[in-house]
Amino acid sequence: MIFSTRRFVMAATLFIAATSPVFAQAPANPTIVLVHGAWVNGSGWRPVYERLVKDGYHVVIAEHPLTSFNDDTTAVKRTLALQSGPVVLVGHSYGGAIITNVGNDPKVKALVYIAAHALDEGETEVANGKKYPNVAGPDVRKTADGFLYLEPSKYPADFAADLDPATARFEADAQELTAASVFASPATHPAWKDKPSWYMVAGGDKIINPDLERMYAKRAHSTTVEVPGASHSVYQSHPVEVADLIEKAAVAVAATP
């Protein structure tokens, strides 16, 4: 009888401990999915990836082919479908247009734009680029079959001015040619109208006009930080600041019931 009473007391104590706010398990971190932009691939995310993983996050790089907007969004949706639980979706450059579309998935709880396009419905990157011209426009070349690339000799200064010269030259020669059509694809309903967003402005960006980035951030009511003088490769040159911004979004998602 004494033994049974002790077992009852122990079970009751464990139940109280498990349900008490003091002992309750902290909410799980969301998965972070990183989406690259034009003329690059997912490997550029490595400095950010390593910092996020070190801080305990599950991070996935969503590779996509840069062959059409439909192909690219389909590829990212395929990666997203493999994840369980809430997701923070992060896009750099043209990757912002992708996450603005894919972010409508119910798994996605927050969007993070890193020097990225946050289009409104019906907008295109081409049209917005005419309203806010960039510096690198004259250095863009087109292949006979409709793919764009940056003149390799201009790539370091235009895209990656704050990376070390050897890395910038390698990326110039390894750039992923991108279908011109992706920049003229009109946006559908933007996820940032329904979900919270964070935005990093690269103050020295020559690929996307920093004023266009500021407009995107203000319009979306994003939590915004700016890195003065940073190039379009801000996600590589300032991985600490980028990872910190992503983690702020992740903390907000984890704290949301």
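Readers should treat all values here as calculations from the given coordinates under stated rules, not as data from a laboratory. The structure presented is a predicted model; accordingly, all values stated were derived computationally and were not measured. Every residue, glycine as well, gets a Cβ built from its backbone with ideal geometry; the counts of neighbours run over all protein chains shown.
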For Rg and Dmax of the Cα atoms in Å, with candidates (1) 21.4, 88; (2) 17.1, 58; (3) 19.2, 64, the value calculated from the shown model is option (1)
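For the stretch 28-254, what is the percent of antiparallel DSSP beta bridges, rounded to the nearest 5? Could the numbers behind the result be given before it?
Details: 5 of 30 bridges.
The antiparallel proportion sits near 15 percent.
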Listed residues S43, S68, S233; largest mean-square fluctuation, Gaussian network over the chain with Cα springs below 10 Å, found at S43
With the dipole of the stretch 145-229 defined by +1 on each Lys or Arg Cβ and -1 on each Asp or Glu Cβ, the option from N209, A161, P186 whose Cα lies farthest towards the positive pole is P186
Residues whose modelled amide H sits under 5 Å from the amide H of S93, counting only those 5 or more places away in sequence or on another chain, are I114, A116, H117
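Just to confirm a number: summing +1 for Lys and Arg and -1 for Asp and Glu over residues other than K107 whose beta-carbon lies under 12 angstrom from that of K107, what do you get? Before the final figure, lay out the partial values.
Numbers: positive: K77, K109, K195; negative: D105.
Value of the local net charge: +2.
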For the stretch 66-155, the Debye formula with one identical point scatterer on each Cα and no solvent gives log10 I(q)/I(0) at q = 0.12 Å⁻¹ as -0.45
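Could you grab the relative contact order for the chain? Cα pairs under 8 Å, six or more apart, rounded to a whole percent.
Numbers: 494 pairs, mean separation 59.6, N = 257.
After rounding, I find 23 percent.
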For the stretch 28-254, the dipole about the Cα centre with charges only on Cβ (Lys and Arg +1, Asp and Glu -1), to the nearest 20 debye, works out at 440
Violations at 30 Å Cα threshold for listed pairs K131/K154; K109/K130; K154/K193; K77/K218 -> K109/K130; K154/K193
In whole Hz, the Karplus estimates of ³J(HN,Hα) for the stretch 99-113 (6.51, -1.76, 1.60; θ = phi - 60°; x where Gly or Pro) are 5, 5, 7, 5, x, 6, 4, x, 5, 7, 10, 7, 10, 10, 9
The local net charge around L212, scoring Lys/Arg +1 and Asp/Glu -1 for residues other than L212 whose Cβ lies under 14 Å from its Cβ, equals -1
Computed over the chain: longest principal axis from alpha-carbon atoms vs helix 239-254 long axis, angle to nearest 10 degrees, is 40
Helix 165-174 sits off the longest principal axis of the Cα atoms of the chain, rounded to the nearest 10 on a 0 to 90 degree scale, by 80
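Would you calculate a helix-derived [θ] at 222 nm for the chain, using -39,500 (n - 2.57) for each DSSP H run of n ≥ 4 and dividing by the full residue count, to the nearest 500? Display every interim value, and only then the final one.
Details: 10 runs with 100 residues, N = 257.
Result for the chain, helices only: -11500 deg cm²/dmol.
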Highest GNM mean-square fluctuation among G96, G146, G204, for the chain with Cα springs under 10 Å, belongs to G146
Across A127, A144, A97, the residue with the highest GNM fluctuation in the chain (Cα network, 10 Å cutoff) is A144
Given backbone amide H placed at 1.01 Å from N, residues whose amide H is under 5 Å from that of T188, ignoring those fewer than 5 places away on the same chain, are G122
R141 and D120 label points (each 7 Å along its Cα→Cβ direction) are spaced in nm at 3.7
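What does the charge count near T167 come to, summing +1 for each Lys or Arg and -1 for each Asp or Glu among other residues with Cβ under 13 Å from its Cβ?
Values: positive: R46, R169; negative: D162, D164, E171, D173.
Here the count lands on -2.
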With +1 on the Cβ of every Lys and Arg and -1 on the Cβ of every Asp and Glu, the dipole magnitude of the stretch 165-221 about its Cα centre, in debye rounded to the nearest 20, is 320
